[in-house]
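The values are calculated or read from the model by the stated rules, or taken from the named source; none is laboratory data. Here the structure is a predicted model, which means the values were calculated and not measured. Counting neighbours? That spans all protein chains shown, and the Cβs are built from the backbone with ideal geometry, glycine included. Quick note on the areas: whole protein, heavy atoms, side chains included, nothing else; ligands and nucleic acids left out. Shrake-Rupley method; radii C 1.70, N 1.55, O 1.52, S 1.80 Å.
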Amino acid sequence: DAKTTQPTSMDCAEGRAANLPCNHSTISGNEYVYWYRQIHSQGPQYIIHGLKNNETNEMASLIITEDRKSSTLILPHATLRDTAVYYCIVSVFLSNFGNEKLTFGTGTRLTIIP
Amino acid sequence: DTGVSQNPRHKITKRGQNVTFRCDPISEHNRLYWYRQTLGQGPEFLTYFQNEAQLEKSRLLSDRFSAERPKGSFSTLEIQRTEQGDSAMYLCASSPRTGGDPEAFFGQGTRLTVV
């Protein structure tokens, strides 16, 4: 799996948009970009994934650059409950064969400030 | 369905003892994964099952570790002759094999402390 690079930590004011960057310059054509987060003492939680196009769901938006070498996770209106470690992961997903294992890095520790 | 369930949530054991953890995945999820997480690090892959077949094992999974999923439902992870370095959070996750849903669902983990 390709490696990802994320900032170690970020702060964001409550109510503002949190923009979390990720570099994945060695991503291959069949690898998706996944974002998970882990709130203290809990298991990781899936947020969103994408291949080429930008994606949006009820939790977040994912912006992937045209060359797919980087992406940004956007939490549009951050709340205190969004304080967590956010992991950007690239991994193969084949619809007939399911997920490959996820290779986590150390992630970005996002702190939402009141 | 209440999600992925792991038991126990916490385990303290003396060095040299054997421990066993259990994971109950989401019903009908074919794939089951085990990860280990130490303080300040992201989860590290240990092994995964497709139904009852163990398809991949990490080099992290030494001979003291064994995982089973006998009927393709729940799974157990056993650590024999525990060492202090085994202290970590052990996470289980499950996902469907097919159907277009790539999300992996994680349990709350079992925190192991070896004293």
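With a simple spin-label model that places each label point 7 Å from the Cα along the Cα-to-Cβ direction, the separation between A:ALA13 and A:THR65 comes to 2.8 nm.
Of the trypsin sites (Lys or Arg not before Pro) found in the stretch A:1-110, those in coil by DSSP whose Cβ has at most 16 other Cβ atoms within 10 Å are A:LYS3, A:ARG16, A:LYS52, A:LYS69. Straight-distance candidates among the lysines for linking to B:LYS71, with alpha-carbon spacing under 23 Å and chain neighbours fewer than 8 residues away dropped: A:LYS101, B:LYS57. Here the accessible area of chain A is 49 percent carbon and sulfur, with a 1.4 angstrom probe and all protein chains present. Computed from point charges on the beta carbon alone (+1 for Lys and Arg, -1 for Asp and Glu), the dipole magnitude for chain A about its Cα centre is near 160 Debye. Per residue, the solvent-accessible area of chain A (1.4 Å probe, heavy atoms of protein chains only, all protein chains present) comes to 51 Å².
Modelled this way, with points 7 Å down the Cα-to-C-beta line, the labels at B:GLU83 and B:LEU39 are 1.9 nm from one another. For chain B, set up a GNM with springs between Cα atoms under 10 Å and report which of B:THR38, B:THR82, B:THR47 has the largest fluctuation. In this elastic network of chain B, the residue with the biggest mean-square fluctuation among B:THR38, B:THR82, B:THR47 is B:THR38. Across the stretch A:1-77, the relative contact order, built from alpha-carbon pairs under 8 Å that are at least six residues apart, equals 32 percent. Specify which residue in the list A:THR8, A:ALA60, A:TYR46 is farthest towards the positive end of the charge dipole of chain A, using unit charges on the beta carbon of Lys, Arg (+1) and Asp, Glu (-1), about the Cα centre. Farthest along the dipole direction, towards plus: A:THR8.
Look at the stretch A:102-109: the mean tally of other chain Cβ atoms within 10 Å of its residues' Cβ atoms is 4.
Select from B:PRO96, B:GLY42, B:PHE106 the residue farthest towards the positive end of the dipole of the stretch B:28-115; place +1 on Cβ of Lys and Arg, -1 on Cβ of Asp and Glu, and compute about the Cα centre. In the stretch B:28-115, that residue is B:GLY42.
Buried accessible surface for the A/B chain pair comes to about 1900 Å², total over both chains, computed with a 1.4 Å probe.
Taking a straight line from the alpha carbon of B:LYS11, these aspartates and glutamates sit under 20 Å away, with near neighbours fewer than eight places off in the same chain left out: B:ASP24, B:GLU44, B:GLU68, B:GLU78, B:GLU83, B:ASP86. Basic side chains Lys and Arg get +1 at the Cβ, acidic Asp and Glu get -1 at the Cβ, and with that the dipole of the protein assembly as shown about its Cα centre reaches some 740 debye. Measuring with a 1.4 angstrom probe and ignoring ligands and nucleic acids, B:ASP86 comes out at about 10 Å² accessible. Figure note: B:LEU61, A:LEU20 ranked by solvent-accessible area, largest first, 1.4 Å probe, ligands and nucleic acids not counted: B:LEU61, A:LEU20. Put a plus charge on the Cβ of each Lys and Arg, a minus charge on the Cβ of each Asp and Glu, and nothing anywhere else: the dipole of chain B about its Cα centre is then about 480 debye. Taking all Cα pairs closer than 8 Å and separated by 6 or more residues, the relative contact order of chain B comes to 36 percent.
Comparing A:GLU31, A:GLU55, A:GLU100 in a Gaussian network model of chain A, where Cα atoms under 10 Å apart are tied by springs, the biggest mean-square fluctuation is seen for A:GLU100. Taking every alpha-carbon pair in the protein assembly as shown and binning the separations at 10 Å intervals from zero gives 8, 32, 35, 20, 5, 0 percent. Solvent-accessible area per residue in chain B equals 51 Å², computed with a 1.4 angstrom probe and all protein chains kept. Calculated on the alpha-carbon coordinates, the convex hull of chain B measures out at 98 cubic angstrom per residue. Interface residues of the stretch A:27-71, defined as those losing at least 20 Å² of solvent-accessible heavy-atom surface relative to the isolated chain (probe radius 1.4 Å), are listed as A:TYR36, A:GLN38, A:SER41, A:GLN42, A:GLY43, A:PRO44, A:TYR46, A:HIS49.
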